[in-house]
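A quick write-up on the structure given underneath.
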């Protein structure tokens, strides 16, 4: 007979053995099992059977069958699907928030905000689809915007429900059917989200989700000739390989590949407001955000005042249990990510940057989880590793500049170009500076968002745009009929 301890352990650990194919939860053909670890306490909370190539092929076949019908639906029919998806995801806000906190370690405030955004993105896509003309005519020529076909959607682990929702919303709005590969680290969140999709009663085969490794399921999506489009959010290295390997089958690609976002603090900025805002932008989602403003550019004339303001403001960013509403910085998603961030902190010290706050190791009392000390480096040169590479943790580099022209030069001296920030009281001047920064989005005086505005990057931050009419258009191809 099983012991009480064994029964308790069995009941505590969740098991997920299914994927979502052709409108139903089906058993995984793949046999590889992965452990899901709670990053707050390093405890095992779930085991997941990962998909293999056969699961991916079944999902692609289902999406291909469904596209024959769904690809011919009207705007109004797809707008109705988007409304049902919004209603279903919004109804599970609490469950999705709890799953994100437990599995990912997202702070309570951030997790709820991102889940609410995940629900609202369907309504944003509905509005964008309403506003997007799909037919234009002149003389005897008619041009129609038609869905590209089956889309492979590959999403990261740092905001699971949001990325799944955003990519699905744009693809469905365009009339595409999809095969989605979420991060295997997000299995619990994905399962709750899939229950929402099932509740929304999409036509069978429109949305298929197979959770597996990138080098298995992701690779099958990229090489399979029945997949016409890949939308990927993740690292530049993987994005580059998708672009290369997808060329063999003429894949259309949208790639969002991260950033090293500058925040230019102009000399007229009010530090009492600008510095807490800058720290909030740097430590967004515990620093695990592609849009985090991880390079703070400050005028040399205000450097000492900036350092004092940073030290004074750090008390507003406590590290701790992500379920506590007061926590601003939670754990890293995994031990691997914790060690990655630690290696960058060590590298910064080795290269001569000065630790103003934070540093190596766990915060006191938080040794059992993957917690990092929120760290601010000063005396950073823009050619240092911590100023060049995306760390994906709560690490901020403070870099001084001589004048406005120098600030813009430093801001643009990066391989990335996803996001940027400008802080100052003279809005016209801030706009002028923002217009010269090479980034897909530039926010003035804060962390701002607009789900109708295009999102994507210049340079190594990717190819193409998401959100709004730009995101939907990425899943469309123009066809001209001439008489």
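Residues that are in contact (Cβ under 8 Å) with a residue 24 or more places away in the chain, touching a helix residue (DSSP H, G or I) at 6+ places or on another chain (Cβ under 6 Å), surrounded by fewer than 23 Cβ atoms within 10 Å (Cβ to Cβ) and in a loop (DSSP other than H, G, I, E, B): does the range 85-107 have at least one?
Checked the range 85-107: at least one residue is in contact (Cβ under 8 Å) with a residue 24 or more places away in the chain, touching a helix residue (DSSP H, G or I) at 6+ places or on another chain (Cβ under 6 Å), surrounded by fewer than 23 Cβ atoms within 10 Å (Cβ to Cβ) and in a loop (DSSP other than H, G, I, E, B).
Does residue 422 meet the test of being touching a residue at least 24 places away in the same chain (Cβ under 8 Å), under 30 Å from residue 38 (Cβ atoms) and within 25 Å of the chain's Cα centre (by Cα)? Talk me through it step by step, then tell me what you get.
On the way: touching a residue at least 24 places away in the same chain (Cβ under 8 Å): yes; under 30 Å from residue 38 (Cβ atoms): no; within 25 Å of the chain's Cα centre (by Cα): yes.
It is false that residue 422 is touching a residue at least 24 places away in the same chain (Cβ under 8 Å), under 30 Å from residue 38 (Cβ atoms) and within 25 Å of the chain's Cα centre (by Cα).
Which of the residues that make up the range 51-77 are surrounded by 22 or more Cβ atoms within 10 Å (Cβ to Cβ) and either within 21 Å of residue 190 (Cβ to Cβ) or within 26 Å of the chain's Cα centre (by Cα) (or both)?
51, 55, 56, 59, 60, 62, 63, 66
Hey, any hits in the range 293-300 for a residue that's assigned to a loop (DSSP other than H, G, I, E, B) and closer than 16 Å to residue 422 by Cβ? Talk me through it step by step, then tell me what you get.
First pass over the range 293-300, keeping only residues assigned to a loop (DSSP other than H, G, I, E, B): 293-294.
Pick out the ones that are also closer than 16 Å to residue 422 by Cβ and you get 293-294.
Yes, the range 293-300 has at least one match.
Quick one: which residue in 62, 68 is closer than 25 Å to residue 133 by Cα, in the same structural domain as residue 205 (by TED's automatic domain parsing) and either without any contact (Cβ under 8 Å) to a residue 12 or more places away in the chain or in contact with a strand residue (DSSP E or B) (Cβ under 9 Å, 6 or more places away or on another chain) (or both)?
68
Listed here are the residues, each with its yes/no results for (1) in contact (Cβ under 8 Å) with a residue 40 or more places away in the chain; (2) farther than 22 Å from residue 331 by Cβ.
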residue: 254; (1), (2): yes, yes
residue: 262; (1), (2): yes, yes
residue: 268; (1), (2): yes, yes
residue: 273; (1), (2): no, yes
residue: 279; (1), (2): yes, no
residue: 282; (1), (2): yes, no
residue: 288; (1), (2): yes, no
residue: 293; (1), (2): yes, no
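Before we move on, is residue 424 buried (at least 18 other Cβ atoms within 10 Å of the Cβ), assigned by TED's automatic domain parsing to the domain that holds residue 267 and within 15 Å of residue 257 (Cβ to Cβ)?
no
In this structure, is residue 344 farther than 28 Å from residue 97 by Cα and touching a residue at least 24 places away in the same chain (Cβ under 8 Å)?
Judged against the criteria, residue 344 is a match.
Answer yes or no as to whether residue 140 is modelled with pLDDT of 95 or more, on the phi > 0 side of the Ramachandran plot and out of contact with any strand residue (DSSP E or B) (no Cβ under 6 Å at 6 or more places or on another chain).
Details: modelled with pLDDT of 95 or more: yes; on the phi > 0 side of the Ramachandran plot: no; out of contact with any strand residue (DSSP E or B) (no Cβ under 6 Å at 6 or more places or on another chain): yes.
The answer is no for residue 140.
Could we say that residue 153 is touching a helix residue (DSSP H, G or I) at 6+ places or on another chain (Cβ under 7 Å) and farther than 23 Å from residue 215 by Cα here?
no
Going by the conditions given, is residue 258 outside any helix (DSSP H, G or I), in contact with a helix residue (DSSP H, G or I) (Cβ under 9 Å, 6 or more places away or on another chain), buried (at least 23 other Cβ atoms within 10 Å of the Cβ) and on the phi > 0 side of the Ramachandran plot?
yes
Among (1) in a strand (DSSP E or B); (2) more than 29 Å from residue 101 (Cβ to Cβ), which single condition is residue 311 missing?
Tallying (1) in a strand (DSSP E or B); (2) more than 29 Å from residue 101 (Cβ to Cβ), residue 311 fails exactly one: (1).
Within the range 264-278, work out how many residues are buried (at least 19 other Cβ atoms within 10 Å of the Cβ) and either at pLDDT below 95 or touching a helix residue (DSSP H, G or I) at 6+ places or on another chain (Cβ under 7 Å) (or both).
Count: 5.
Output the number of the condition that residue 216 fails; it satisfies all remaining conditions of (1) out of contact with any strand residue (DSSP E or B) (no Cβ under 7 Å at 6 or more places or on another chain); (2) surrounded by fewer than 18 Cβ atoms within 10 Å (Cβ to Cβ).
Result: residue 216 passes all but (2).
Yes/no matrix, rows are residues, columns are (1) in a loop (DSSP other than H, G, I, E, B); (2) more than 14 Å from residue 180 (Cβ to Cβ); (3) outside the structural domain of residue 154 (by TED's automatic domain parsing):
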{"residue": "208", "(1), (2), (3)": "no, no, no"}
{"residue": "211", "(1), (2), (3)": "yes, no, no"}
{"residue": "215", "(1), (2), (3)": "no, yes, no"}
{"residue": "218", "(1), (2), (3)": "no, no, no"}
{"residue": "221", "(1), (2), (3)": "no, no, no"}
{"residue": "225", "(1), (2), (3)": "yes, yes, no"}
{"residue": "237", "(1), (2), (3)": "no, yes, no"}
{"residue": "241", "(1), (2), (3)": "no, yes, no"}
{"residue": "247", "(1), (2), (3)": "no, yes, no"}
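Any residue that is in contact with a helix residue (DSSP H, G or I) (Cβ under 7 Å, 6 or more places away or on another chain), surrounded by 15 or more Cβ atoms within 10 Å (Cβ to Cβ), touching a residue at least 40 places away in the same chain (Cβ under 8 Å) and closer than 30 Å to residue 38 by Cα - is there at least one of those in the range 403-413?
no
Could you tell me whether any residue of the range 176-188 is over 24 Å from residue 245 (Cβ atoms) and either outside the structural domain of residue 57 (by TED's automatic domain parsing) or over 18 Å from the mean Cα position of the chain (by Cα) (or both)?
Checked the range 176-188: no residue is over 24 Å from residue 245 (Cβ atoms) and either outside the structural domain of residue 57 (by TED's automatic domain parsing) or over 18 Å from the mean Cα position of the chain (by Cα) (or both).
State yes or no: is residue 358 in contact with a helix residue (DSSP H, G or I) (Cβ under 9 Å, 6 or more places away or on another chain), in the same structural domain as residue 427 (by TED's automatic domain parsing), closer than 26 Å to residue 184 by Cβ and surrounded by 17 or more Cβ atoms within 10 Å (Cβ to Cβ)?
Judged against the criteria, residue 358 is not a match.
The values are calculated or read from the model by the stated rules, or taken from the named source; none is laboratory data. Every value quoted in this text rests on a predicted model; they were computed, and no experiment measured them. Every residue, glycine as well, gets a Cβ built from its backbone with ideal geometry; the counts of neighbours run over all protein chains shown.
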